[in-house]
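Working notes for the structure below.
The values are calculated or read from the model by the stated rules, or taken from the named source; none is laboratory data. In this text, all values refer to a predicted model and were calculated from it rather than measured experimentally. Here the Cβ positions follow ideal geometry from the backbone for every residue, glycine too, while neighbour counts run over all protein chains shown. For accessibility, only protein heavy atoms count, side chains too; no ligands or nucleic acids. Shrake-Rupley method; radii C 1.70, N 1.55, O 1.52, S 1.80 Å.
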Number of protein chains: 2
Amino acid sequence: MDFEEKTLKRTEIFDGQIFKVCLDEVKLPNNLGTSKRELVFHKGAVAVLAVTDEGKIILVKQYRKAIESVSYEIPAGKLEEGEAGFEQEAASRELEEETGYQGQLTPLYTFYTAIGFSNEKITLYLADKLQKVDNPRPQDEDEVIELFGLSYEECMKLVESGQICDAKTLIALQYYALNYGGDA
Amino acid sequence: MDFEEKTLKRTEIFDGQIFKVCLDEVKLPNNLGTSKRELVFHKGAVAVLAVTDEGKIILVKQYRKAIESVSYEIPAGKLEEGEAGFEQEAASRELEEETGYQGQLTPLYTFYTAIGFSNEKITLYLADKLQKVDNPRPQDEDEVIELFGLSYEECMKLVESGQICDAKTLIALQYYALNYGGDA
């Protein structure tokens, strides 16, 4: 079976700081004709499941304009220009900027967040053997965040209440439950 | 601490079939000044971890234009107009259209896929007690898909090879491992 959709025409709709939006006209396989695809191109991001020696999970509370609400998430950040292929360095930087910690990083998973319309790819790392940095890199100027160190059980209460509500944090908590124990 | 970002101005960039793109100018809390937020508004979607009586997980192979590649995913689909609040009916419809099965649906998780820039929210269901439908609803005209029923171990091989590479399918597989057993 042939699956490929060939691009007949690409129209760039928006070229922003965070993403680019394109509208593709595609030729469907198997003589099914043509269709349109609305696409959001993103440089990718990294996220970090940071676990302290006491087994606490570091979460960042922040406002998310897309949902007009605060949420609790694992530390994460976008790749900067030229950082493709240097995800671990980016993860280390984001961890330090958002939490003031450095740690030993291990890659866990790489996944597309919204594969139906976007190529945003997140590489998720485990960070353990955490150590506070004396003079950590400063946070981004337009980020207002608050830090928490919570047990897995406390995190799952935030999942139940909807205050943890994003895919990357859920994946990280499931990983924790599978590998450190904890109820599903 | 104040977190809220107040909208000073919203500019609509694109209003498509799948999503709407807006550029917000926001007033940051704590007198931090103003900033811009690039946003993708989406009607939401449903996804289904369908498990046969033999413990096989139903996957759909399809082409994803955003990543210019095929991928194996759990069945999923966008909410249609007016389906907000009727996610279970939408999940039942998508399961039947994509796989030809009906089943008993149980909600597992609701999560934002790309919370940094989009409000796309997926509600994930477990479907078990699957039964083949005699005359299932037809697939969408512009979808070319192939069905697979794979063991958890076979799915994890597709994760390792990168052929399973999206957040919702990873969340579903980790749920399976946590609740049905299976190695992380």
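Just order A:141-148, A:170-177 by mean Cβ neighbour count inside 10 Å, highest at the front, would you? Walk me through the numbers before you get to the answer.
Working: A:141-148: 14.5, A:170-177: 22.2.
Going by the mean number of other Cβ atoms within 10 Å, highest first, we get A:170-177, A:141-148.
List, largest first, the extents of the alpha carbons of the protein assembly as shown along their principal axes, each in whole Å.
For the protein assembly as shown, the Cα spread along each principal axis is 65, 46, 38 Å.
Shape call for the range B:1-60 from the C-alpha gyration tensor, a ≥ b ≥ c root eigenvalues: rounded (a/c under 1.5), prolate (a/b greater than b/c) or oblate?
Working: a/c = 5.96, a/b = 2.23, b/c = 2.68.
Oblate.
Is there a simple number for the mean count of other chain Cβ atoms within 10 Å of the Cβ of residues in A:163-172, and what is it? Don't jump to the answer; show the numbers that get you there.
On the way: counts 0, 1, 6, 8, 15, 8, 3, 10, 6, 0.
Partner Cβ neighbours, averaged per residue: 6.
Return one whole number: the accessible area per residue of the range A:1-156 in Å², for a 1.4 Å probe.
On the way: 7300 Å² over 156 residues.
Ligands and nucleic acids excluded, the figure is 47 Å² per residue.
What is the mean number of Cβ atoms from other protein chains located within 10 Å of the Cβ atom of each residue in peptide B:58-68, rounded to a whole number?
Numbers: counts 0, 0, 0, 2, 4, 8, 10, 16, 16, 7, 4.
Across the residues of B:58-68, the mean count of other-chain Cβ atoms within 10 Å is 6.
Cross-link candidates for B:Lys132: which lysines have Cα within less than 23 Å, leaving aside residues fewer than 8 places away along the same chain?
B:Lys56, B:Lys61, B:Lys78
Using the Cα gyration tensor of the range A:45-184, with a ≥ b ≥ c the square roots of its eigenvalues, what is the shape: rounded (a/c below 1.5), prolate (a/b larger than b/c) or oblate (neither)? Before the final figure, lay out the partial values.
Numbers: a/c = 1.23, a/b = 1.07, b/c = 1.15.
Since a/c stays below 1.5, the shape of the range A:45-184 is classed as rounded.
In what sequence, highest mean first, do A:12-20, B:54-62 appear when ranked by Cβ atoms within 10 angstrom? Before the final figure, lay out the partial values.
On the way: A:12-20: 14.4, B:54-62: 18.8.
Going from most to least packed, we get B:54-62, A:12-20.
If each residue of separation counts as 0.36 nm, what is the full-extension length gain between A:Gln104 and A:Asp140 once their alpha-carbon separation is subtracted? Mind dumping the intermediate values first?
On the way: separation 36, 0.36 × 36 = 12.96 nm, distance 2.28 nm.
Here the answer is 10.7 nm.
Using only protein heavy atoms and a 1.4 Å probe, how much accessible area in total is buried between B and A, to the nearest 100 Å²?
Numbers: alone 11330 and 11350 Å², together 16900 Å².
Counting both chains, the buried surface is close to 5800 Å².
Test of the criteria: in the range B:77-145, which chymotrypsin sites (Phe, Trp or Tyr not before Pro) are in a DSSP loop and have at most 14 other Cβ atoms within 10 angstrom of their Cβ? Kindly include the intermediate steps, with their values, before the conclusion.
Values: sites: B:Phe86, B:Tyr101, B:Tyr109, B:Phe111, B:Tyr112, B:Phe117, B:Tyr125; in loops: B:Phe86, B:Phe117.
Filter output for the range B:77-145: B:Phe86.
Report, to the nearest whole %, how much of the accessible area of the range B:1-66 belongs to carbon and sulfur atoms, 1.4 Å probe, protein only. Show your work: numbers first, answer last.
Numbers: 1310 of 3060 Å².
Within the range B:1-66, the accessible surface is 43 percent carbon and sulfur.
Using helices alone, what [θ] at 222 nm do you get for chain A, with -39,500 (n - 2.57) per DSSP H run of 4 or more residues, divided over all residues and rounded to the nearest 500? Kindly include the intermediate steps, with their values, before the conclusion.
Working: 3 runs with 36 residues, N = 184.
The per-residue figure over chain A is -6000 deg cm²/dmol.
Return the distance in nm (one decimal) between the two label points of a simple spin-label model at A:Glu154 and B:Glu68, each offset 7 Å from Cα along Cα→Cβ.
4.6 nm
Relative to a virtual label point 7 Å from the Cα of B:Arg10 in the Cα→beta-carbon direction, which members of the range B:111-125 show backbone nitrogen distances below 13 Å?
Residues passing the 13 Å test: B:119.
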